[in-house]
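Worksheet: one structure, shown below.
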Amino acid sequence: MPCRAAGHFEKLALSNSDSYRTKDGQAFHQIDFYLAPHKNQNMKKLFTLLLLAFSFQLSTIAQQLNLDSLHQVWLDESQPDTTRFEAMKTITWEGYLYSNPDTAITLAEKLKTLAQEKNNKKWEATAIKIQGLSFWIRGNNAKALEYYEKSLAIAEKIWNKKGIASSLGNIGLIYQDQGNTAKALEYYEKCLAIMEEIGNKSGISASLTNIGIIYRNQGNLAKALAYYEKSLLIGEEIGYKMGIASALNNIGAIYIDQGNTLKALEYYEKSLAIEEEIGNKSGIAVSLNNIGMIYHDQGNLAKALAYHEKSLAIREEIGNKEGIANSLRNIGNIYYRQGNLLKALAYCQKSFDLANELGSPERIKDATLTLSKIYEKQGKGIQSLEMYKIHIQMRDSLNSEEITKQMAQTESKAQFEKEMLIKAQEEKEAARIEAEKIEQRNTIQYSGIGLGLFALFGLVFFLGRIKLPNWAVELSVFLPFLIFFEFLLVVSDSSVDNWSGGEPAIKLLLNVVMAAAIFPLHSFFEKFLKKRLFQN
């Protein structure tokens with residue numbers, strides 16, 4: 001996802017911690033991109049910002065008090081099991097999942113242990129899924145996938161559709177992170193189908209967002225925008241603020257791709273306001289970073305620096321190391337453009353060291369490019385060349401990885417299409433066999449009904465030798481023809497449907513014509529049979 005910085009476009013990594021999750025534990029990405037800046041710099045605006053900061057602090061305090069209250073509920077063994085489960089889930093998700101994933105794993109383990117003690121498979125699956133989310137947030141996709149699949153297996157065993165759908169969506173995210181787009185899309189669509197079936201609108205919103213991101217990554221902006229807008233409508237319908245913020249942000253990214261910066265800023269500003277309202281720290285950090293990026297692009301370095309420093313502070317607070325490395329490099333870039341080479345060097349060196357610790361080629365590539373420029377300005381040609389060599393090495397490595405990923409995606413897509421073709425052929429063959437079975441069944445039943453009618457008319461002829469009451473004679477004459485007419489309706493039903501196009505009035509008219517056609521035959525046999533029966 002390109003962002004303008006220092007006169008060129010750079011790729012900002014979409015870190016796992018810059019993502020949302022639904023209340024059911026289904027994660028979905030937020031595009032880490034531009035967000036609209038605040039334009040007014042007067043005292044009134046400053047007061048507003050201070051008020052917002054104070055409000056956010058109060059919100060944080062209130063949230064902590066709520067978590068403490070929930071912890072007391074969790075410790076109270078007299079509470080119903082479901083109440084305790086819900087309390088621990090809320091504590092884990094709202095309090096620690098994104099800010100302290102290690103603690104979230106520990107708390108989820110407590111939740112799992114209690115669920116196992118109570119033999120509650122649904123909550124056991126939920127706890128395991130939360131642990132998977134914790135690993136995913138920290139970038140350990142292999143471990144996350146392991147836990148998601150365990151959760152999915154339990155949900156399938158007890159046929160918990162919401163749990164199944166949530167796990168499918170999370171597994172799709174793993175495949176998306178691995179570059180296996182076809183597999184990711186397959187899981188997202190399965191998740192979406194189940195969410196639609198059970199009417200889980202927040203889950204539908206998340207699934208639509210994830211599918212939209214895949215189409216955006218494939219360059220199909222129109223289709224991506226359509227999915228984002230559907231997600232936004234659902235989020236607004238149910239007041240699902242996380243989903244609304246994500247959809248607005250993603251729509252803004254589409255407008256950036258289309259070159260419509262003003263429209264993008266409109267959506268980013270709305271998204272930022274919601275993120276601040278709900279206190280999503282990782283989302284706020286992304287927003288501040290992206291606002292700083294757009295100010296940087298506009299040449300307003302002072303404002304850009306202020307926003308990047310705020311973003312860095314939050315990322316340090318929540319321990320988002322990938323984001324910290326990115327913010328450090330962005331701040332270093334600003335100082336470089338301002339001519340403050342010592343500060344630029346200090347920040348970019350920190351970014352480089354952290355990127356090495358993380359083993360992040362993307363962050364190493366970014367930091368070394370700026371470091372190379374700084375050393376060049378300082379007249380340190382050897383150090384500049386060394387940094388530039390590392391930059392080229394990381395760039396080539398990333399390009400190679402991208403080519404490998406694209407090849408894997410192409411191969412995966414071909415395999416997916418092959419599987420879909422085989423599945424379609426199998427379904428077609430199954431439909432053919434089923435049609436043959438139905439035709440054979442109908443032939444047998446039609447033959448049986450025909451023989452039954454023949455036997456019924458034979459019985460009526462035989463009754464001519466027996467003295468019957470008048471009502472029995474009338475019934476004996478009326479009933480066979482009634483059955484015969486109904487049989488004709490059944491046999492001709494598919495043909496009548498084809499001729500009429502399913503329109504009731506035309507079907508009625510055709511049935512009337514059929515009745516009129518057999519009326520003379522009915523009159524003849526009615527007279528003949530009544531004469532025979534009444535003779536006795």
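The local environment of ILE128, defined by Cβ-Cβ distances under 9 Å, has a net charge of +2 under the rule Lys, Arg +1 and Asp, Glu -1.
Checking the cross-link pairs LYS89/LYS263; LYS89/LYS143; LYS201/LYS310; LYS89/LYS201; LYS223/LYS270 against a 31 Å limit on the alpha carbon distance flags LYS89/LYS263; LYS201/LYS310 as lying beyond it. Residue-wise HN-Hα couplings along segment 339-354, as the Karplus relation 6.51 cos²θ - 1.76 cosθ + 1.60 with θ = phi - 60° gives them from phi, are x, 8, 5, 5, 5, 4, 5, 4, 5, 5, 5, 4, 4, 4, 5, 5 Hz; Gly and Pro carry x.
If we sort 261-270, 147-156 on the protection proxy, mean other Cβ atoms within 10 Å, highest first, what's the order?
Numbers: 261-270: 19.0, 147-156: 20.8.
Result, highest mean first: 147-156, 261-270.
Averaged over residues, the count of other Cβ atoms within 10 Å places the peptides 247-260, 189-202 in the sequence 247-260, 189-202, highest first. Applying 0.36 nm per residue to the separation of GLU109 and TRP499 and subtracting their alpha-carbon distance, the gain on full extension is 133.9 nm.
Distance between the modelled labels on LEU479 and VAL512, one decimal in nanometres: 3.1 nm (7 Å Cα→Cβ projection).
For segment 362-381, backbone nitrogen atoms closer than 20 Å to the point 7 Å from LYS389 Cα along Cα-to-C-beta are found at 362, 364-381.
Coordinate-derived values only; no laboratory data. Just so it is clear, the structure is predicted and the values come from calculations on it, not from any experiment. Every residue, glycine among them, receives a Cβ derived from its backbone with ideal geometry; neighbour counts consider all protein chains shown.
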